[in-house]
Amino acid sequence: MLASLFVLLLASSAPVAASNSSIVCVAGQCLQGSSNTTLGISLSASDVSNSVLLLPGQYTATTNPQLIHDLLTSTHATVSGSPGFSNTSTPALPLNVAVAPGLAIYAQTLYSGKAAFSSLPSAPVANASTPLAAQSLAIASSVWVAMSFGSNGRVVMWDSVPDTAQLPLRSSGSMSLLDMQSSTCSPPCASSGTCSASGTCTCAPGFNGTACETCAAGFFGPTCQACPAGCATCDEGISGTGRCLDPPVASPLKTCNCLNGECGSDGSCACNPGWTTAANGTACAKCASGFFATSTGDCKVCQLGCTTCADGTGNCLKCGTHFTQDQNDATKCTTLPSTAAGVACPDGSFSDGTNCVACSSSCQTCAGPTSNDCTLCPRSHYLTSTGTCVSASSTGVCDGSNLIADNNKGECDTCGAKCTSCEIASFNVGSTVNQLKCTGCLKGTVLSGGRCIDACPTGTFLSPKDNVTCTTCDSSCSTCSGSATTCLTCPSGQVSSNGKCVSTCPSNTFSASGTCRACHPDCATCSGPAFSQCASCPAGRPVLTSGRCLPTCSKAQFFDTTSSACQACDASCSSCAGAGPSSCLACANANQVLRGGTCAAATCNNGTSVVPGLGVCLSDLVVVTSPAANNGTIAAPTKPTPPPAAPTTKGRPLAWWEILLMALGCAFIFLLVLMLWRRRARKQRAKQTAAFATQKRLDPQTSWRWRLLRFGEKLFGHRASRRAMATPPPVAIDAVESEAIKLMRIRNAEEARHHGEMEKLQLFGAYEYSVRSSHAGSARSKSSRTPSTLPSLDGRRAREAAAADHVTRSSIYSEMTGVPRNTPEPRQPVGKTLLARYPSAASSAGRSYMYDSARDARLVDVDVPPPMPVGPSEAQAYADAVRPALASSPPVRGAYWMQAIATTTTTGAPAGWLEPSRTGTSSNNPFRR
């Protein structure tokens, strides 16, 4: 099959003319020069001056160099692929350049010269060997190819080969293609299936299953051939023999709903004698009138003169005309005497009403109305259902029918339920009906031992001559089929193999139920019929894994015939044909190439590298013949593609209703934002209020009973009730005390600040002096003292004069000397403690507290009435007792004591002097006297 795919390579060694200057590209780099490479696709565009040959890889709009970008993004780009590559007219981005699933071969090395391509086979390749004269191979990814190199047997290749002469086995002989499969199927396909590129197994005709491992219904054997024509069922399956289990039946009874009869071509049913249609509509399912059913399922005729008899026993239930019930035998009826004019008619005659008329010579007795209406036949003649007497043949068959003569009844009786014809050998007057043997059977039954049965008994087989008669097997067989010597089973200690009884099963078979059955076609030897029960493997599928015979190892392994197992390749090999670094079929390192089966460092020129998947340098595919810039290398980076210009549209003036809608929309948005802001503010206020109420216990939690009561009051207009107010939870004493201490500290700090402010005000007031005294002493000031360098206080005093109830007094100097000061008073430093302002009392947990400095700085609850006054302590009593003595004692020496003198100054103000004490000597202090 594969041989016809490569007829183009008949002249593979013919030289090919060198091509003109061309550009060969991979993603990221192009090389311009002379090249015979035909692998890949040609990309050109009418608006771009150069065309390129794209090698396998992925190309996008951003792929370097700029030349590739220009061609790919051109609206006039066209694509032309070599054999095995896509031939789409317009490239679609991203553009994937790859060999289609299959094998491309080239007449010359480096993927040049004439090319041919073979896709994956659609049916299994059995025992095929196609010679190949190719010098380079391009294998699609996820595809393996089985090759033969002379006497070296089978080698599996996974990677493209730029030069077959560099393979380790190429010198061993000619190269032939054995098989080609995809590796995407899981589980791998059986030998009767082919793995497609989509990862599914394509089965050969007659095969079925996920891996094409079984035969379809109606097929048998290793090749899954069809069962014999006309055979409804046969011994089918991958290990079946094809023996017909249900012989063909023309017009079977079930086609016309016929039980004991023959189906006609028109669908009608012709019943056997003695049968009729049953009440349920089934044809030939009930005994007809004058017949009764026996225990064997047959319909037998009743005794003479009996028209109706009982099933099983045959006892007569109703006798015919001219007959009466026999008193001695319940199954019989006796003939009534015939009379004419009161006189009994003799035997052999009957009465016609007036006279006795002689019976026909064929009758022994008759009853009329004609002489042929026999009631008893002479010897060797038998009565039929029509009342006539007929003779019988030498086989006991009544003349003119297929009934058998019954000497006991003197009648013609039926052969049996399934018999269509029967006979009694050497029939005579002494023969009985139990000697009859069937000679014909209804369709669907077989004839065995003179009886019609459903199937041949053990030890017999259905004769292929008529497909009706069961024939006895040969004595060497326990059971047989088709012929007496074609054994199906054998006596004890032997098994049947190909119709013969043998002691052991031959190779490629296994024993099952005393029969040697063929192994699955994937196996050389096996333990069962399945394709996963192999014990050894054939040469075409040598790898035994988990009971399965597979055609190849994994990519980085090779099959070792010595150990009959898969072995790992050398680390330098991507795939290999054997052990060691000199048996590589492709290299694992991207910077190495194959040289005589060994991976060597690549010597790429012009700044190029090894093309991924091809195993060859880009500089080896393109020969730069003329000096050019960058040695022919084109690697300019891709410029960003400018975005398409936005379409410009001429604006139009807005209509009034559009402006109105926009204004309403803006107003709506503003109102919505305002509403949301107000809502957020209300929520924040409500949250703060709730926090304050919770802190001050103004909104105690209420129970559901209280809420139900309030709902009823609101419903009926009743004022709010205070009976069910929830009792606030108790407050911890520690919390109250800690809050009270905090408030006490705040109160003390505020009082200290207030006292400091008051002291400062009093101190400033003590140093104030009036404007009048300042003016009165101005003359003396000008005559005896120099002007002060300090700024005048008149402006400040004028501003402070408006203060209500301002206290003004003379300075200490004036009070002591009686002379007003001519210069402004020096300002005195005043200490001030910076304290925060807080209320003098606060509320905590519903109670008010304040700090009472008059009561030993204790924390006083203002909500509780003050305690009753108590007497002074011992310390207070002592202090009160000594104070008058201290007040009347003289001053201590060394201190200043101020005494008032009655003499007044000219201004009317009293004068005061400081009397020093304990100075020890006289002093120049002007204030002393």
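A short reminder: the numbers here are calculations on the coordinates, not readings from a lab. The model shown is predicted, which means the values in this text are computed figures rather than measured ones. Methodologically, a virtual Cβ is constructed for each residue, glycine included, from the backbone with ideal geometry; neighbour enumeration extends over all protein chains shown.
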Taking H as built 1.01 Å from N, whose amide H comes closer than 5 Å to the amide H of Ser421, not counting residues under 5 places away?
Thr439, Gly440
Which of Lys114/Lys555; Lys318/Lys409; Lys687/Lys714; Lys300/Lys418; Lys318/Lys418 exceed 23 Å between C-alpha atoms? The answer is Lys114/Lys555; Lys687/Lys714; Lys318/Lys418
Plugging the Kirkwood radius over Cα pairs into Stokes-Einstein for the range 270-453, at a temperature of 20 °C and a viscosity of 1.002 mPa s, what D comes out in µm²/s?
123 µm²/s
Between the range 516-556 and the range 570-624, how many Å separate their Cα centres?
35 Å
Selection from Ser511, Gly540, Cys573 lying farthest towards where the dipole of the range 460-607 points positive, charges on Cβ
Cys573
Farthest toward positive dipole pole in the range 270-453 [+1 Lys/Arg, -1 Asp/Glu at C-beta], among Thr276, Gly387, Leu304:
Thr276
Student exercise, the range 270-453 dipole from Lys, Arg, Asp, Glu Cβ charges, in Debye to nearest 20:
540 debye
